Structures are given as structure tokens and as C-alpha cells.
Amino acid sequence: MPDSNGDRKTFVLDTNVLLHNPNALFMFADNEVVIPFDCIEELDSFKAGTDDLGRNARTVIRHLDQLRQLGNMANGVPVAQTGGSIRVILEEDQKLCPGLTANTPDNRIILDLTVSDDSVGQVVVASGGVNVPSINTRTVATQVVLGDGQTVVLGGILETNQTRQATKVPWLGDIPVLGALFRSTTDTNDKDELLIFVTPKILREGINVN
């Protein structure tokens, strides 16, 4: 929802988002990011953990400690790398922007995407003389933030096939030295890239899905 600055928007982050991606603080470009104080208290309860959630909670707290040195978090501090700002609010503070509360949906979707492209590789001989094919695995993993109905394109999975094809005139191509005049070799390098188009949509009550 735009505030008094025109196109500038305010996004409220909850504990779940920050626990799964501590860098979500810096993923909203030049807009304002708001963090409820309750969220910080919940992060504090996770920071002693030794799992990914504990590590991510400690990372978020370090980010906030660094931002606190720039000014009063209750008034908002600028984020140099995005051009936006981050603000911490108390639960009773409703001065986010006109018409916006902490429960207002922003219609943004955070996606954790993993794309794999597997193929059969060389055949190896296992114990007992059994031929077992190997599996070539290529994987791309990323996280993106999209608006409702926006499309993201994932690439980066490349496949290169190198082939060599020899042609020759029967008999003549086998003659030593002179046979080179009657045969040829063609080398081919094919490079393919897998592109995945993802368009997430938020299903709302009363909307028909076709």
C-alpha cells in the first residue's frame, strides 16, 4: 500500500520470514520495512539454538544491531544498500502509514525454489558384475520475492554435448596418407540451457480455479 511518498510502500515482516531468510530485511528495494517488537522478542528466544533457525535468528539480530548504530529504530533508519529504511514498532503503534496495520496483507510471496535436471551418465560395473548407470545431477536453488501474479525465470542449468562424426568413402578412406582426401571429421558442440518460468498466485476466497 503506497504511503505519502507516492510509490514508496511499507512491508511488515513477521518472525517466520526472518527465521527462514535473515536477508529478507534487504529484499524490498527502496521501500520501508517494518518489524513489530514482538517479532524481535521471538527472534531472541530462537538465538540460542544450534540449528538453522538459531543461526538465522542470530544473523537478524546482528543486522539490527548494526542498523541501530545509524539512529533510532523507532523512527526508522536508512538502508544504504537498498535506498529504503527499516523501522521497529511496538504493538500499540499504529502509525505505519494511512490505512495500514500489522495485519494488512502486502500480496508478496517469498519462494524457496530448487530446480533439478538429472540425466543418466556412464554405466559402471558394481560388485557381482552388475551394470549400474550413474546419475548426472544439476541443481539450482534460490529464493525470490514476488508480487501476486508476477513471473520469475530461473536459468543457469547448462548442458553441453560434444560429438564427433567421421565420414569417408568406402575403401578409399582407409588408404594410408592418401585416405585423408576421402574422409572428413565434423565436431559439434551443443549447449542447452534449461529455463523455468514460475508464476505464483494467491488464492482468495470466492475465486474460481480453472
Revision key, fill the gap. If you go through Val88, Val77, the only one that is touching a Cys at 6+ places or on another chain (Cβ under 9 Å), open to solvent by less than 50 Å² (accessible area, probe 1.4 Å) and modelled with pLDDT of 80 or more is Val88
Exercise for review: Among the residues of the stretch 159-168, count how many are among the small types (Gly, Ala, Ser) and surrounded by 10 or more Cβ atoms within 10 Å (Cβ to Cβ).
Suggested key: 0
Check your understanding: Any residue in the stretch 14-25 that is touching an Asp or Glu at 6+ places or on another chain (Cβ under 6 Å), open to solvent by less than 30 Å² (accessible area, probe 1.4 Å) and of a type outside the set (Phe, Trp, Tyr)?
Key -> yes
Study note, to complete from the structure: Of the residues in the stretch 169-200, those that are surrounded by 12 or more Cβ atoms within 10 Å (Cβ to Cβ), at pLDDT 85 or above and part of a loop (DSSP other than H, G, I, E, B) come to Pro200
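Table: residues versus (1) free of Cβ contacts under 8 Å to residues at least 12 places away in the same chain; (2) more than 20 Å from Ile109 (Cβ to Cβ).
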site: Ala24; (1), (2): no, no
site: Glu32; (1), (2): no, no
site: Ile35; (1), (2): no, no
site: Asp44; (1), (2): no, yes
site: Gly49; (1), (2): yes, yes
site: Asp52; (1), (2): yes, yes
site: Leu67; (1), (2): no, yes
site: Thr82; (1), (2): no, no
Revision key, fill the gap. Of the conditions (1) open to solvent by less than 90 Å² (accessible area, probe 1.4 Å); (2) modelled with pLDDT under 80, the single one that Ile207 does not satisfy is (1)
Exercise for review: Run down Asp192, Asp117, Asp174 and say which single residue is touching a strand residue (DSSP E or B) at 6+ places or on another chain (Cβ under 7 Å), more than 30 Å from Ala24 (Cβ to Cβ) and of a type in the set (D, E, K, R).
Suggested key: Asp192
Check your understanding: If Asn161 passes every condition in (1) closer than 18 Å to Asp117 by Cβ; (2) out of contact with any Leu (no Cβ under 9 Å at 6 or more places or on another chain); (3) modelled with pLDDT of 80 or more but one, which one does it miss?
Key -> (3)
Check your understanding: Are any residues in the stretch 60-74 at pLDDT 85 or above and of a type in the set (Gly, Ala, Ser), and if so, which ones?
Key -> Gly71
Review point. Restricting the search to the stretch 117-175, which residues are touching a residue at least 60 places away in the same chain (Cβ under 8 Å) and not charged (D, E, K, R)?
Key: Gln143, Val145
Review point. Checking Ala102 against (1) within 30 Å of Lys201 (Cβ to Cβ); (2) among the hydrophobic types (A, V, I, L, M, F, W, C); (3) modelled with pLDDT of 80 or more, which test does it fail?
Key: (3)
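The values are calculated or read from the model by the stated rules, or taken from the named source; none is laboratory data. Note that the structure is a prediction, hence the values are computed from the model and not measured. Here the Cβ is made from the backbone with ideal geometry for all residues, glycine too, and neighbour counts use every protein chain on show. Heavy atoms of the whole protein, side chains included, go into the accessibility calculation; ligands, DNA and RNA do not. Shrake-Rupley method; radii C 1.70, N 1.55, O 1.52, S 1.80 Å.
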